[in-house]
Amino acid sequence: MTKVLVVDDDFMVAKLHSRYVSAVPGFSVVGVAHTGAEALRAAHRLHPDLVLLDVFLPDMDGIGVLRELRRAGLATDALFITAARDAGMVRAALRAGALHYLIKPFHQAALHEQLRHAASLRSRLDGLDEARQEDVDQIFGTRPPGSRELPKGLAPHTADLLEGILRAHPDGLSATECAEAGSLSRVSARRYLEHFAATGRAEVTLRYGGTGRPERRYRPAG
């Protein structure tokens, strides 16, 4: 379970964001704060995995809050959700160590995508003893795992179809099972599933049976 602290000076907005977070499986809102000072106290007390931070707070800005969290050595990630559009503010958030920066207003799906991205990064890092270059490239990639940009030859509507099938089977399924559910060829389904795995939208496990290669099984990330 990913523990989330929601920080926004507007009580109704904080409540809305909390509801968005709670709608994503695997995420739990452990606290809400409306000022920078409240956010720092709550972070020290609750040790959240992720903080949703507004920039505009009544006592200090969200960038300052994140810097204080870093100085305190708290192992929490931060996602900014703000109306601040100034490029300097975006740059400051990036340099302070923010995972991403969502500009209000935004669609609920955009937040859900970033939450899954954060969970995927944490899971990937927790599972590494030694990083390969491809691991580092994925972790530091400029596009989030939910990106809709597809390699040449992959179609957006088919990607959406297969991602829906994947999310309907949280325990995982093989490329053959996914192909049957989507009325596609196994080779085609495998290409999409491997793309999802490479971009963090799916996780791959191996199931060993009798003789031959182990079966690759795919499940939604996060």
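The values are calculated or read from the model by the stated rules, or taken from the named source; none is laboratory data. This one's a predicted model, so the numbers in the text were calculated from it and none came from an experiment. We place every Cβ from the backbone using ideal geometry, glycine too, and count neighbours over all the protein chains shown. Only protein heavy atoms, including side chains, enter the accessible area calculation; ligands, DNA and RNA are left aside. Shrake-Rupley method; radii C 1.70, N 1.55, O 1.52, S 1.80 Å.
Summary table
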| quantity | calculated |
| --- | --- |
| Residue among Val136, Val187 that alone is out of contact with any Phe, Trp or Tyr (no Cβ under 9 Å at 6 or more places or on another chain), of a type outside the set (Gly, Ala, Ser) and at pLDDT 85 or above | Val187 |
| Checking Leu79 against (1) open to solvent by 10 Å² or more (accessible area, probe 1.4 Å); (2) under 30 Å from Arg219 (Cβ atoms); (3) among the aliphatic types (A, V, I, L, M); (4) out of contact with any Asp or Glu (no Cβ under 9 Å at 6 or more places or on another chain), the condition it does not meet | (1) |
| Enumeration of residues in the range 85-133 that are closer than 14 Å to Arg201 by Cα, charged (D, E, K, R) and at pLDDT 80 or above | Glu113, Arg116, Arg122 |
| Those residues of the range 172-222 which are open to solvent by 40 Å² or more (accessible area, probe 1.4 Å), among the polar types (S, T, N, Q) and over 16 Å from Thr158 (Cβ atoms), in sequence order | Thr176, Thr205, Thr211 |
| Number of the condition not met by Glu38 [criteria: (1) within 21 Å of the chain's Cα centre (by Cα); (2) surrounded by fewer than 20 Cβ atoms within 10 Å (Cβ to Cβ)] | (1) |
